[in-house]
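The values are calculated or read from the model by the stated rules, or taken from the named source; none is laboratory data. Please read all numbers here as calculations on a predicted model, not as lab measurements. Cβ atoms come from the backbone with ideal geometry, glycine included; neighbour counts cover every protein chain shown. The area values use the complete protein model at the heavy-atom level, side chains included, leaving out ligands, DNA and RNA. Shrake-Rupley method; radii C 1.70, N 1.55, O 1.52, S 1.80 Å.
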Amino acid sequence: VVAAFLKKDAKVAICARKEDELKAAYEEMKGLGEVYWEVLDVTDEAGVYAFADHVAEKLGGIDAWVNNVGATVFKDGDEFTGKDIDFITGVCFKSAVFGAQAAFRHMKNKGGAIVNISSLAARCPTAGRSTLYGPMKAAIVNLTQTLAGEYAAYGVRVCCVMPGFTVTPAVRATI
């Protein structure tokens, strides 16, 4: 997706927690156009707002923002711990709230688009590894609908994409 934006002369910013993976992604894309990258834990509220500020400063503004984060938690026995719930809530929900708000600060009254990546797990309950993932992704759908109503008056569109199961590198490592 990033390559498609770069081929249309868009400037792109990317972030991730793991610097080595982020640098590798940057190396793949840098020849296609202007790419800004920054190591970021998207559960860190101040960090997300700072990242948005850095992007706006380095690239001249923010026209589109994609919240594409997810994680899953393995149960230890039959129950999830409070730590498990806090982790999945932070990664799957808080990060989207912080990201949308950070983008909106730069889009308000200028326009733009915020895209939240949810999952079909939001509509198709699953058990085991995805017991907490599905409800968090359902929350993203509801958040999207709510923010779309709130931000529309300011020229900011908010939508949600709900892909099916995707074999990402993280998934591949567990199968």
Evaluate the following for Glu79: is it acidic (Asp, Glu) and surrounded by 12 or more Cβ atoms within 10 Å (Cβ to Cβ)? no
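Step by step: first the residues of the stretch 38-74, then only those that are hydroxyl-bearing (Ser, Thr, Tyr) and open to solvent by 30 Å² or more (accessible area, probe 1.4 Å), then the one that is farthest from the chain's Cα centre (by Cα). Which residue is that?
Filtering the stretch 38-74 for residues that are hydroxyl-bearing (Ser, Thr, Tyr) and open to solvent by 30 Å² or more (accessible area, probe 1.4 Å), the one farthest from the chain's Cα centre (by Cα) comes out as Thr72.
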Among what's in the stretch 5-37 and is among the hydrophobic types (A, V, I, L, M, F, W, C) and part of a strand (DSSP E or B), pick the residue that is surrounded by the fewest Cβ atoms within 10 Å (Cβ to Cβ). Ile14
Subset of the stretch 118-171, residues hydroxyl-bearing (Ser, Thr, Tyr), open to solvent by 40 Å² or more (accessible area, probe 1.4 Å) and closer than 14 Å to Val69 by Cα, comes to Tyr133, Thr166, Thr168
Does Ala138 satisfy being within 18 Å of the chain's Cα centre (by Cα) and touching a residue at least 24 places away in the same chain (Cβ under 8 Å)? no
Has the stretch 115-124 got at least one residue that is more than 30 Å from Asp63 (Cα to Cα) and in contact (Cβ under 8 Å) with a residue 12 or more places away in the chain? no
Looking for something in contact with a Phe, Trp or Tyr (Cβ under 8 Å, 6 or more places away or on another chain), aromatic (Phe, Trp, Tyr) and touching a residue at least 12 places away in the same chain (Cβ under 8 Å) - is there at least one such residue anywhere in the stretch 74-86? no
In the stretch 67-172, which helices (runs of 4 or more DSSP H) lie fully inside it and hold 3 or more residues that are at pLDDT below 95? 82-89, 133-151, 169-172
Whether any residue in the stretch 99-118 is more than 30 Å from Lys8 (Cα to Cα) and of a type in the set (D, E, K, R) is what I want to check. no
Does the stretch 146-165 include one or more residues that are over 26 Å from Asp53 (Cβ atoms), touching a residue at least 40 places away in the same chain (Cβ under 8 Å) and among the small types (Gly, Ala, Ser)? yes
